[in-house]
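Visitor: Below: one structure in structure tokens.
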Amino acid sequence: MAATDIANTPLSNVALPGLGRALVFAGKLGQKAAEDIFLKAKTGRTSFIAELTGSGAVSASDLAHVMSISFAAPLLDLNAIDVQRLPKDLLDAKICQAYRIVVLCKRNNRLVVATADPSDQEAAEKIKFSTQLSVDWVIAEYDKLSKMVEASSVTATEAMENLVGDDFEFDEEAAEVSTEEQPDKAASDVDDAPVVKFLHKMLIDAFNMRASDLHFEPFEHTYRVRFRVDGELREIASPPVTIREKLAARIKVISKLDISEKRVPQDGKMKLKIGPDRVIDFRVSTLPTMFGEKIVIRILDPSSAKLGIDALGYEPAEKERLLAAIARPYGMVLVTGPTGSGKTVSLYTCLNILNTAGVNIATAEDPAEITLPGVNQVSMNDKAGMTFSVALKAFLRQDPDIIMVGEIRDIETADIAIKAAQTGHMCCPRCTPMMRRPR
């Protein structure tokens, strides 16, 4: 009898799964015993196959041989498989754990998967939906499958725990990533303790090392985390490559980004609470690459703008030149330099010095990075038509004293900025302007 005939053979009022019907038809299990095991599994909310092999009614070896014959599928001894050479990241680890399956290889548009229960249509549909590939089953013994799945899961978890460190405990009261308004389902999908702890540790370590950016970079066989410290990138960690999807999803959820969209770049924000009174802002940027989404996180510490110019590390002569330049009644101060050199903090520090009750300050930024009370900050939105040139034209009708331009990207913006600086405003760009009009 064909496998489809076995699966559709009615035996009683109890709707046994295909696995149970195949065993009864093969004479390896009685009808009553099969029904009892099925009802026990249903009551205990366990899988039929786990209850079956756990009860000893059918051995894992006998089960594998019956499934191989009944479903005309090849039989494989997993002891002959080198786990290290198995493909990784072809299928979500959660699916492998839930259905006790192991991906063996990929052939064109088909995925070869080891299973103990080829009648499990739910598992087949999950795999198809997740990978957009058809499934070819290979039969393996259930106990060996379970050990292999658990071993691979423990290996990834242990690797994460080793990176985080046994002595690291995340204090929710001391440091808390804002997850307001995140969808419950999305949150549960990425609620993986090692990944959550690892991300929190990376954010806190980057802050403590005074890094300006964090880079999370996926490659074919490796995953790299780098911090930009003093303008240079330093490799900090190399977590398991299997966490790249979970880590990207976790970051996107708390940044209020679309976790289902992996084809285009996205930008978002998140916060980290350090102690009762200090909150650090992070700007998140995702970029689709060949092997996953690269994520760069810019650290924006609002308190850095209030440290004062003495804390920025300028030489005395340079500090005096900068203070003299921003004290002029009009003109332009152009701030340039490589990534991480301190352009943003220098500009915000200057604005903080100039920010008094008698001065009207407006900024055009993409996006506004550090919030300054008393300063009119405007974020650019190209889709809505809010560009730097449009913002500058509007500022000139707002009775400004000082204008800060986040970037000069085109001739029109540069022309407006220069004319504003020549006609009584102080203009200061970050490769960028600040404008002041005399009173």
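Visitor: Pairs needed: first member in segment 399-424, on the phi < 0 side of the Ramachandran plot and among the aliphatic types (A, V, I, L, M); second member anywhere, open to solvent by 50 Å² or more (accessible area, probe 1.4 Å) and part of a strand (DSSP E or B); C-beta distance under 6 Å; at least 6 residues apart or different chains.
Guide: Every condition considered, the pairs that remain are Ala421/Met332.
Visitor: If you take the residues of segment 189-209 that are within 15 Å of Glu245 (Cβ to Cβ), part of a helix (DSSP H, G or I) and not aliphatic (A, V, I, L, M), which of them is modelled with the highest pLDDT?
Guide: So in segment 189-209, the residues within 15 Å of Glu245 (Cβ to Cβ) come out as 189-192, 194-196, 198-199.
Now restrict to residues that are part of a helix (DSSP H, G or I): 189, 194-196, 198-199.
When the remaining residues are screened for being not aliphatic (A, V, I, L, M), the result is 189, 194, 198.
Details: Asp189: 45, Pro194: 80, Phe198: 88.
Among those residues, the one meeting the criterion is Phe198.
To keep it simple, each residue is scored yes or no on (1) touching an Asp or Glu at 6+ places or on another chain (Cβ under 9 Å); (2) outside any helix (DSSP H, G or I).
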site	(1), (2)
Arg244	yes, no
Ala248	yes, no
Leu257	yes, yes
Lys262	yes, yes
Gly268	no, yes
Leu272	yes, yes
Ile280	yes, yes
Arg283	yes, yes
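Table: residues versus (1) touching a Lys or Arg at 6+ places or on another chain (Cβ under 7 Å); (2) of a type in the set (Phe, Trp, Tyr); (3) assigned to a helix (DSSP H, G or I).
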{"residue": "Leu323", "(1), (2), (3)": "no, no, yes"}
{"residue": "Pro329", "(1), (2), (3)": "yes, no, no"}
{"residue": "Val345", "(1), (2), (3)": "no, no, yes"}
{"residue": "Leu351", "(1), (2), (3)": "no, no, yes"}
{"residue": "Thr356", "(1), (2), (3)": "no, no, no"}
{"residue": "Val359", "(1), (2), (3)": "no, no, no"}
{"residue": "Glu369", "(1), (2), (3)": "yes, no, no"}
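Visitor: I've got another one for you. Consider Arg100 against the criteria (1) modelled with pLDDT of 85 or more; (2) closer than 16 Å to Ala151 by Cβ; (3) open to solvent by less than 50 Å² (accessible area, probe 1.4 Å): it satisfies all of them except one. Which criterion is unmet?
Guide: So Arg100 meets the others, but not (3).
Visitor: Looking only at residues in segment 70-81 that are part of a loop (DSSP other than H, G, I, E, B) and closer than 15 Å to Lys147 by Cβ, which one is most open to solvent (accessible area, probe 1.4 Å)? Before you say what the answer is, go through the steps one by one.
Guide: The initial filter retains those residues of segment 70-81 that are part of a loop (DSSP other than H, G, I, E, B), namely 71-74, 76-77, 81.
With closer than 15 Å to Lys147 by Cβ added as a condition, the list becomes 76-77, 81.
Details: Leu76: 46, Asp77: 71, Ile81: 50 Å².
Out of the qualifying residues, it is Asp77.
Visitor: Now a separate question. Quick one: which residue in Gly292, Gly268 is of a type in the set (Gly, Ala, Ser), without any contact (Cβ under 8 Å) to a residue 60 or more places away in the chain and surrounded by 12 or more Cβ atoms within 10 Å (Cβ to Cβ)? Steps first, please.
Guide: Numbers: Gly292 fails: without any contact (Cβ under 8 Å) to a residue 60 or more places away in the chain.
Only one candidate qualifies: Gly268.
Visitor: Which condition number does Ala364 fail, the rest of (1) in contact with a helix residue (DSSP H, G or I) (Cβ under 7 Å, 6 or more places away or on another chain); (2) assigned to a helix (DSSP H, G or I); (3) of a type in the set (Gly, Ala, Ser) being met?
Guide: With respect to (1) in contact with a helix residue (DSSP H, G or I) (Cβ under 7 Å, 6 or more places away or on another chain); (2) assigned to a helix (DSSP H, G or I); (3) of a type in the set (Gly, Ala, Ser), Ala364 is out only on (2).
Visitor: Same structure again: Among the candidates Thr344, Thr363, Thr356, which residue alone is modelled with pLDDT of 85 or more and either aliphatic (A, V, I, L, M) or open to solvent by less than 30 Å² (accessible area, probe 1.4 Å) (or both)?
Guide: So the residue among Thr344, Thr363, Thr356 that is modelled with pLDDT of 85 or more and either aliphatic (A, V, I, L, M) or open to solvent by less than 30 Å² (accessible area, probe 1.4 Å) (or both) is Thr363.
Visitor: Being modelled with pLDDT under 85 and either closer than 21 Å to Val359 by Cα or in contact with a Lys or Arg (Cβ under 8 Å, 6 or more places away or on another chain) (or both) is the filter; apply it to segment 374-415 and report the residue that is most open to solvent (accessible area, probe 1.4 Å).
Guide: Among those that are modelled with pLDDT under 85 and either closer than 21 Å to Val359 by Cα or in contact with a Lys or Arg (Cβ under 8 Å, 6 or more places away or on another chain) (or both), it is Glu407.
Visitor: Any residue in segment 237-250 that is under 14 Å from Lys201 (Cα atoms) and touching a residue at least 40 places away in the same chain (Cβ under 8 Å) sitting within a Cβ distance under 9 Å of a residue that is part of a loop (DSSP other than H, G, I, E, B) and open to solvent by less than 20 Å² (accessible area, probe 1.4 Å)? List the pairs, counting only those 6 or more apart or interchain.
Guide: Here the result reads Leu247/Val190; Leu247/Pro239; Arg250/Val190, each pair linking segment 237-250 to a residue that is part of a loop (DSSP other than H, G, I, E, B) and open to solvent by less than 20 Å² (accessible area, probe 1.4 Å).
Visitor: Would you check which residues across segment 84-121 are assigned to a strand (DSSP E or B) and closer than 29 Å to Gly20 by Cα and list them? Lay out the reasoning, then the answer.
Guide: Keep residues of segment 84-121 that are assigned to a strand (DSSP E or B), which gives 102-107, 110-115.
Those that are assigned to a strand (DSSP E or B) and closer than 29 Å to Gly20 by Cα: Val102, Val103, Leu104, Cys105, Arg110, Leu111, Val112, Val113, Ala114, Thr115.
Visitor: Hey, does segment 226-248 have a residue that's open to solvent by less than 40 Å² (accessible area, probe 1.4 Å), among the aliphatic types (A, V, I, L, M), in contact with a helix residue (DSSP H, G or I) (Cβ under 8 Å, 6 or more places away or on another chain) and at pLDDT 90 or above? Show your work before the answer.
Guide: From segment 226-248, those open to solvent by less than 40 Å² (accessible area, probe 1.4 Å) are 227, 229, 231, 237, 239-241, 243-244, 247-248; that's our starting set.
Next cut, among the aliphatic types (A, V, I, L, M) only: 229, 237, 241, 243, 247-248.
Okay, now just the ones that are also in contact with a helix residue (DSSP H, G or I) (Cβ under 8 Å, 6 or more places away or on another chain), so 237, 243, 247.
Next, only the ones that are at pLDDT 90 or above stay: 247.
There is at least one residue in segment 226-248 that is open to solvent by less than 40 Å² (accessible area, probe 1.4 Å), among the aliphatic types (A, V, I, L, M), in contact with a helix residue (DSSP H, G or I) (Cβ under 8 Å, 6 or more places away or on another chain) and at pLDDT 90 or above.
Visitor: For segment 38-45, does any single residue satisfy the condition of being part of a helix (DSSP H, G or I), in contact with a Ser or Thr (Cβ under 9 Å, 6 or more places away or on another chain) and more than 17 Å from Ala151 (Cβ to Cβ)?
Guide: Filtering segment 38-45 for residues part of a helix (DSSP H, G or I) gives 38-44.
Next, only the ones that are in contact with a Ser or Thr (Cβ under 9 Å, 6 or more places away or on another chain) stay: 40-41.
After this cut, where a residue has to be more than 17 Å from Ala151 (Cβ to Cβ) as well, the list is 40-41.
Yes, segment 38-45 has at least one match.
Visitor: Which members of segment 48-69 meet the condition of being surrounded by fewer than 18 Cβ atoms within 10 Å (Cβ to Cβ) and outside any helix (DSSP H, G or I)?
Guide: Hits for segment 48-69 are Gly56, Ser59.
The values are calculated or read from the model by the stated rules, or taken from the named source; none is laboratory data. Everything numeric in this text was worked out from a predicted model, so none of it was measured. In this analysis, Cβ positions are derived from the backbone assuming ideal geometry, glycine residues included, and neighbour counts consider all displayed protein chains. All accessible areas refer to the heavy atoms of the entire protein, side chains included, with ligands and DNA or RNA removed. Shrake-Rupley method; radii C 1.70, N 1.55, O 1.52, S 1.80 Å.
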